[in-house]
Structure formats: structure tokens, C-alpha cells
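The values are calculated or read from the model by the stated rules, or taken from the named source; none is laboratory data. Every value quoted in this text rests on a predicted model; they were computed, and no experiment measured them. The area values use the complete protein model at the heavy-atom level, side chains included, leaving out ligands, DNA and RNA. Shrake-Rupley method; radii C 1.70, N 1.55, O 1.52, S 1.80 Å.
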Amino acid sequence: MAAVVAEFFGILGLERLPPETLGELIPYLLTVLVGVVLVSGVFRVVGALTDALLGFWRWR
């Protein structure tokens, strides 16, 4: 699981080292927040498509 999280942050472009100051922390957290929102949006779209397909096939 740690490798998956590290790869996710690597895709986002975050460094492996944590931020040391508040000036570095704010952009770091914003990048993480944007990444989490994008990933959750993709899962929501995939879930909606799956639900629509399965619902269509069930009532066909």
C-alpha cells in the first residue's frame, strides 16, 4: 500500500521529502487536495457508468 501511495504522489509531482516550512506546506497540501479530488471524481464517473450499464442490462 505504501508503494501505491508513493507512486500516486510521484505522479502528482510531489517530492519524497516532507515540507519543512509553512510556505512549503501550503502548496504541498493544495497539490494533495487537488489530486484526491481528481481521483475521487474519476471513481465517481466510473461508478456512475457501471451503475448505468448494470441497470440497463438488468431492466432489458
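Give, in nm to one decimal, the length gained when the segment between Ala48 and Val4 is fully stretched (0.36 nm per residue of separation minus the Cα-Cα distance).
Working: separation 44, 0.36 × 44 = 15.84 nm, distance 2.45 nm.
Working it through step by step, the gained length comes to 13.4 nm.
Please report the carbon-and-sulfur percent of the accessible area for the range 7-48; probe 1.4 Å, protein heavy atoms only, DNA, RNA and ligands left out. Whole-percent figure for carbon plus sulfur exposure: 73.
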